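Notes to accompany the following structure.
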Amino acid sequence: MTDSAAVLPPVAAEVAAGALDLLPARLRKRVDGAVAKAAGWPVEAARDGVLVRVAEDTAVTLRVTAGIVAGPDDAVCSCLLAPACLHRAAVLSVAPLAAREEEETEVEPAGRVGEPSAPAPAVTDEPALSPAQATALDALRDAVTAVLVAGVSGSGAVHRAELLHASHSARLAGLHRPAGTAVRIARLLGEARSDDPAFRLSGLSGELAELLDLVRRPAAALSPARRDYRPEGPLRLYGLFTEPVVTASGYAGATVYALAPDGTLRTLSDIAPGGPDRALQASGTPVPGGCALGLRELGDGGGVILTAPTVSADGRIGGGGAVRSVRAAGAGWREAPLAALWERPPAGQLASALGWLSEPADARTAGGDLLFLDGVVTGAGFAVAAGPTLRFAAPDERPELPYAENLSLLASRRGLALRLIARVVPDRPDRVQVLAASWTGHDREPVHADLGLRLLNRSHIPAVPAVPAGLTGPMEGGAPPALPIELDLLRRTVDRAVAGGRAVSAASADGELPRRLRAVGLTTGARQVEALTDAAADRRHDVLGRLLPADPGGFALAWLATAVYVSAATESLLLAAWTPPDISAN
């Protein structure tokens, strides 16, 4: 049986949504069952696209333009009911959603350590919306609320289509930021329903919270999502590392991070439709401009000078026809100017990364979530110099990418001194996602490894690793930081609502949780969970005793307030765990 989602080309969101619109009511009720079957229909390569075999005498043909199924006429079924048939709708629903360029860019920040307050009310001085924009925001609000009320388990193809329709209308009205967030939610719902191993419930919770917040704040909804490229003068780059990229929208490739002389990070990418295999191949793509230097070579300590490049405000470098490039001397991680990235205290880096994560996804600058850490592998984990002891996590667990195997090997070499580039995991304070590492090799020379591209073995690491200067001293480290179990229970309550919807939230309410939260000083959290429980179970009656309709908006608002509180509390406690004690105060 062929896994269609792995080989079908990406489909434009409006095409996937439009296929369901054509179905009569009797067929719309059967679409979720058809989608489940479509995941097993065999897929064959065809001229300009693919052909999906539904039965001996029935097939759906998808024509691809620029890597995606771009229009409704590009999806054709051979059955008599086409185009208003379940076959076509099911295939387009199971295919990955194509990502627009502005979607492929890469809660308030935590304040002082302690219990955060409840979310602040929305600003009242908001810009005026046009009638079309107001209607589009209302449609987005209704669609995302319906998804939250139904939960992942109850959100089928129709919920997803309504979300995509609302996204398309919002984009036409100029509301690019909420439109992009809605497409990401639809994509994550597809991952969840197909049991994609890349799906993370916490990721869906974050996107739902972002969209619910955006539809309440017109100023944020109206802000531009796309960052245009602008010409720039000659640009000198020092390569840091190369990351394989595989997205749920059917795109893959490689991104190299490099440092510019002004201390900012820049990225060069080759991303196109494809799977994990393409990610590995794309790492050899030449740097734009004609120099004989691949992306991976640049990331592995190489250097380049670009003339007439175009650079977006978020730090991405374009590959326009005017750009020219020449090789230049690179630098190692322990050499200037790269070594300066590791000089900032870990707690300060964490604060910056958490602030970066609090920004809208389409407004983040390149590499703002990266952590540059020194430390030693111990029995308890990775003891960060002037920081906590952490565990390693794989940024991507696909078997085609060697992250998990490499990290398992590094974590087993107790006493190994490492210099890492990693990402914070906001909801898991005891770990970081490790992207690249460096250590002293057999010949006493530094070894650099991009952990998603290069499979390591024991011969790459000395049997008795040397500890570099500056990292001597006790190497066991303390236990990895942990959040209060009560806060973890509250986060699970937020995620459980996303997974099962309002009904599950009402049925599984933990009456003890508010008491436990108050006992550890999280009184605002206790009030939030009580409000969420009340909103989930609220089925009031009128004066005649008749059951009133449920208030989905009230449930969504209570869930949003709880989700924002959990995020802020987690960030505050995470910062506290990473901040070394002030010994001068003793």
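The values are calculated or read from the model by the stated rules, or taken from the named source; none is laboratory data. Just so it is clear, the model here is predicted, and its values are computed rather than measured. Neighbour counts run over all protein chains shown; Cβ positions are idealised from the backbone, glycine included. Accessible surface is based on the protein model in full, side chains and every heavy atom, while ligands, DNA and RNA are left aside. Shrake-Rupley method; radii C 1.70, N 1.55, O 1.52, S 1.80 Å.
What the table shows:
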quantity	calculated
Members of the range 51-91 that are among the basic types (Lys, Arg) and in contact with a Gly (Cβ under 6 Å, 6 or more places away or on another chain)	Arg63
Condition check for Gly545: modelled with pLDDT under 90 and either in contact with a His (Cβ under 6 Å, 6 or more places away or on another chain) or at positive phi (or both)	yes
Filter result for the condition that a residue is modelled with pLDDT of 95 or more and open to solvent by 30 Å² or more (accessible area, probe 1.4 Å), over Arg47, Arg141, Arg112, Arg88	Arg141
Filtered residue count, the range 296-312, keeping only those that are touching a helix residue (DSSP H, G or I) at 6+ places or on another chain (Cβ under 9 Å) and of a type in the set (A, V, I, L, M)	1
Total residues in the range 369-418, condition polar (S, T, N, Q) and either under 14 Å from Ala479 (Cα atoms) or open to solvent by less than 40 Å² (accessible area, probe 1.4 Å) (or both)	3
Evaluation of Glu103 against (1) modelled with pLDDT of 90 or more; (2) touching a Gly at 6+ places or on another chain (Cβ under 6 Å); (3) crowded, with 18+ Cβ neighbours inside 10 Å (one fails), failing number	(1)
Exclusive hit being within 23 Å of Thr255 (Cα to Cα), crowded, with 16+ Cβ neighbours inside 10 Å and either in contact with a Pro (Cβ under 8 Å, 6 or more places away or on another chain) or not acidic (Asp, Glu) (or both), set Ala313, Ala340, Ala336, Ala353	Ala353
Where a residue in the range 158-183 is among the charged types (D, E, K, R) and its partner, wherever it lies, is open to solvent by 30 Å² or more (accessible area, probe 1.4 Å) and not in a helix (DSSP H, G or I), with Cβ under 9 Å and at least six apart	Arg171/Arg100; Arg177/Pro224; Arg177/Pro360
Residue ID - surrounded by the most Cβ atoms within 10 Å (Cβ to Cβ), chosen from residues in the range 60-81 that are assigned to a strand (DSSP E or B) and touching a Cys at 6+ places or on another chain (Cβ under 6 Å)	Val60
Odd one out for Pro178, checked against (1) modelled with pLDDT under 90; (2) more than 15 Å from Val11 (Cβ to Cβ)	(1)
Among residues of the range 363-401, those that are under 29 Å from Ala279 (Cα atoms) and in contact with a Gly (Cβ under 6 Å, 6 or more places away or on another chain), counted	6
Enumeration of residues in the range 30-59 that are assigned to a loop (DSSP other than H, G, I, E, B), closer than 22 Å to Leu188 by Cα and either over 28 Å from the mean Cα position of the chain (by Cα) or among the acidic types (Asp, Glu) (or both)	Arg30, Trp41
Those strands (runs of 3 or more DSSP E) lying entirely in the range 363-458 with at least 2 residues basic (Lys, Arg)	417-424
Test for Ala279: is it in contact with a Phe, Trp or Tyr (Cβ under 9 Å, 6 or more places away or on another chain) and either under 28 Å from Arg230 (Cα atoms) or not in a strand (DSSP E or B) (or both)	no
Filtered residue count, the range 249-266, keeping only those that are open to solvent by 10 Å² or more (accessible area, probe 1.4 Å) and within 20 Å of the chain's Cα centre (by Cα)	6
Test set (1) surrounded by fewer than 20 Cβ atoms within 10 Å (Cβ to Cβ); (2) closer than 24 Å to Arg492 by Cβ - Arg216 fails condition number	(2)
Yes/no for Val35 being surrounded by 21 or more Cβ atoms within 10 Å (Cβ to Cβ) and of a type in the set (A, V, I, L, M)	yes
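A quick yes/no check of all residues on (1) in contact with a Gly (Cβ under 8 Å, 6 or more places away or on another chain); (2) surrounded by 24 or more Cβ atoms within 10 Å (Cβ to Cβ); (3) not β-branched (Val, Ile, Thr):
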{"site": "Ala161", "(1), (2), (3)": "no, yes, yes"}
{"site": "Ala170", "(1), (2), (3)": "no, yes, yes"}
{"site": "Leu175", "(1), (2), (3)": "no, yes, yes"}
{"site": "Asp195", "(1), (2), (3)": "no, no, yes"}
{"site": "Gly203", "(1), (2), (3)": "no, no, yes"}
{"site": "Leu222", "(1), (2), (3)": "yes, no, yes"}
